[in-house]
Each structure stands twice: as structure tokens, then as C-alpha cells.
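Report on one structure; see the data block that follows.
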Amino acid sequence: MTDALPTAAALVDAGRDLFGRHGYDGTSVRSLTRLAGANLGAVTYHFGSKEALYRAVLASGLEPLAAGVSEIAAQPGPALDRVEWVVRLCFDYLAENPDVPRLLIRQAAGDGTLPEPARTAFARILSTLGAIIEDGQSTGSIRAGDAQLLAMSVLAEPIQLSGVDRPDVDEHTVEFVLAGLRAERQERGRGRRR
């Protein structure tokens, strides 16, 4: 029983790689177990099914990001600064875990819904980011609008652009996101000072 956790972890790692490259339907249980160095029955033994392993793979990719966004939300500081930190965290995390955006984009291209518990982790990320945005709206630093829709737009940028082979893509995205969120009166005020 001591190697049960390493086998399960190896299957999740294999799933992150293979589901990210080939999608759910394009990944066989045989290829998962071969890459994980496990026997053919390991998926059923540890997860119950290929679908349950897939859910665990998605959750493993989103849970650390959700925890990081929660940590940023708890930090003191202006809301726009915290939004910037979230965008930078996303780029850093996704660069270290390139399978995550591939998994999310493949899933979105499929039926467009995330299975549980990945949906819960993603909802937590959006809710936390939305709360940061609402904080900025309440102080007048972030423009009015549906905070959840704004959070989705902010989060979509690093997911879509992760892996783009340009050294300045993260800086450009941060500037783009902040410019889109900044309250109009601040923009008008800046225009008058020029």
C-alpha cells in the first residue's frame, strides 16, 4: 500500500501530459498506464474510471492556481496591484505547467464545461478575482461592470497567451488588462494632464 500514492500521482502526471496533448478521447487507458509505469488496472484501482482520472487531472492543474489567487486576494494593497499580481501569477504558473492551458483550451473546445472538482476550483479563482475587482470598483479605481465577467476576461488573457514565444507577452498582457479595468475618470484625468 505504500506505493499507492506514487502510482496515483504518476497517473495524474501522465494524464496531465496525455490529456493535454491528445484530449480525453485521444488518450487511452493503456497509454496512461504505460507512461505512468503502472499496470493496466491501475486507473480503475486508484480512480474508478478514466473519467474520474480526468477530473483529478483537471483539479490538480487548477487547485494550486486557486490557492495562489486566494493568497494574493488576502494581501493588502490597491485592487489594480492585486489584479496585476494575479495575471503575473497566472503567467508564471502556466509557464511552469504548460499542460494546464492545453487542458483548459481542449475542454473549452469540447463541450465547454469543466467537470467537478475542476469546476469548483475554477469558480473559486473567478470568485476570488471578482472580489478583488469589486474592491477596486468600490474605491473607484476599477471601472463599473459585472465583476465576474471582468474576472473571466482577465483570466482568459494569460490562459490564451501562455506559451506564446515572445518575451514581452506577459508585460503586454498586464498593461492591456490594467488599461481595460482602470476606471474611466482616471483615464480622462490622465488625458487632461498631457
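Below 8 Å between Cα atoms, with a sequence gap of 6+, how large is the relative contact order for the chain in percent?
Reported relative contact order: 22 percent.
What relative contact order, as a whole-number percentage, does the range 104-156 give when Cα pairs under 8 Å and 6 or more residues apart are counted?
About 29 percent, as a whole number.
Hey, can you rank 69-80, 117-128 by average C-beta count inside 10 Å, highest first?
Top to bottom by mean Cβ count within 10 Å: 117-128, 69-80.
Quick one: if you stick a label point 7 Å off each Cα along the C-beta vector at ALA9 and VAL29, how many nm between them?
2.5
Where does the chain land at 222 nm, in deg cm²/dmol rounded to the nearest 500, when only DSSP H runs of n ≥ 4 count, each adding -39500 (n - 2.57), divided by all residues?
-24500 deg cm²/dmol
Please list the helices of the chain that count as membrane-span-like by this rule: a mean Kyte-Doolittle hydropathy of at least -0.5 together with Cα atoms stretching 20 Å or more along the helix axis, each helix being a complete DSSP H run.
What comes out of the filter, once short or polar helices are dropped, is 4-22, 50-73, 79-96, 118-139, 147-161.
Return the whole-Å distance between the Cα centroid of the range 57-75 and the Cα centroid of the range 100-178.
12
Using Cα extents along the principal axes in Å as the read-out, say which of (i) 68, 31, 29; (ii) 76, 50, 22; (iii) 57, 40, 30 was calculated from these coordinates.
Here the calculated entry is (i).
What is the range 1-48 by shape, rounded, prolate or oblate, if you read a ≥ b ≥ c off the alpha carbon gyration tensor as root eigenvalues and call it rounded for a/c under 1.5, prolate for a/b larger than b/c, and oblate otherwise?
Prolate, since a/c reaches 1.5 and a/b exceeds b/c.
Every read-out reported here was derived from the displayed coordinates using simple, explicitly stated rules and does not represent laboratory data. Source: prediction; values computed, not measured. Backbone-built Cβ (ideal geometry, glycine too); neighbour counts: all protein chains shown.
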